[in-house]
Amino acid sequence: MTRLLVSAALIVFALPAAGQDFEECRIIPGGGSSSSVDYTQIGTAACAEFCAATDSCAGWTYTPHNFNPTGAPGECRWVTEVGSVEPPAETASANFCGQISG
């Protein structure tokens, strides 16, 4: 019985980390902000972690599908200042974004 309870507790506490949801949106750079693109980050979580580990990153947008000539599976765009957060463009299949709280 104890093993069952421990197993159940581990599953309950592991689910939020494993199933992290990201908002469908895109970050628009603020005035005076610079933005950069990184094609080596694969996945929304990797883009979010990359931004959090980058000192000058204030927000990020990840597009899982793009038509980059290098064949990258996605595009991680990050900005030094967030101007606004908008719904994904109608032409984009999906954009996910987040901000670094500071």
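The values are calculated or read from the model by the stated rules, or taken from the named source; none is laboratory data. Keep in mind the model is a prediction, meaning the values are calculated, not measured. Using ideal geometry, Cβ is built from the backbone for each residue, glycine included, and neighbour counts are taken over all protein chains shown. Please note that ligands, DNA and RNA were not included when accessible areas were found on the heavy atoms of the full protein model with its side chains. Shrake-Rupley method; radii C 1.70, N 1.55, O 1.52, S 1.80 Å.
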| query | Restricting attention to region 84-93, which residues are at pLDDT 85 or above and either within 11 Å of residue 62 (Cβ to Cβ) or surrounded by 15 or more Cβ atoms within 10 Å (Cβ to Cβ) (or both)? | reply | 85
| request: Among the residues of region 32-49, count how many are more than 9 Å from the chain's Cα centre (by Cα) and either more than 11 Å from residue 79 (Cβ to Cβ) or without any contact (Cβ under 8 Å) to a residue 40 or more places away in the chain (or both). | output: 5
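This table checks each residue for (1) open to solvent by less than 60 Å² (accessible area, probe 1.4 Å); (2) modelled with pLDDT under 85; (3) of a type in the set (A, V, I, L, M).
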site: 1; (1), (2), (3): no, yes, yes
site: 5; (1), (2), (3): no, yes, yes
site: 9; (1), (2), (3): yes, yes, yes
site: 14; (1), (2), (3): yes, yes, yes
site: 19; (1), (2), (3): yes, yes, no
site: 28; (1), (2), (3): yes, no, yes
site: 36; (1), (2), (3): yes, no, no
site: 42; (1), (2), (3): no, no, yes
site: 46; (1), (2), (3): yes, no, yes
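For residues that are of a type in the set (D, E, K, R) and more than 18 Å from residue 101 (Cβ to Cβ), tally how many sit in region 34-83. So that I can check it myself, show each step before the final result.
Start the filter on region 34-83 by keeping residues that are of a type in the set (D, E, K, R), which leaves 38, 49, 55, 75, 77, 81.
From what is left, the residues that are more than 18 Å from residue 101 (Cβ to Cβ) are 38, 75, 77.
The qualifying residues number 3.
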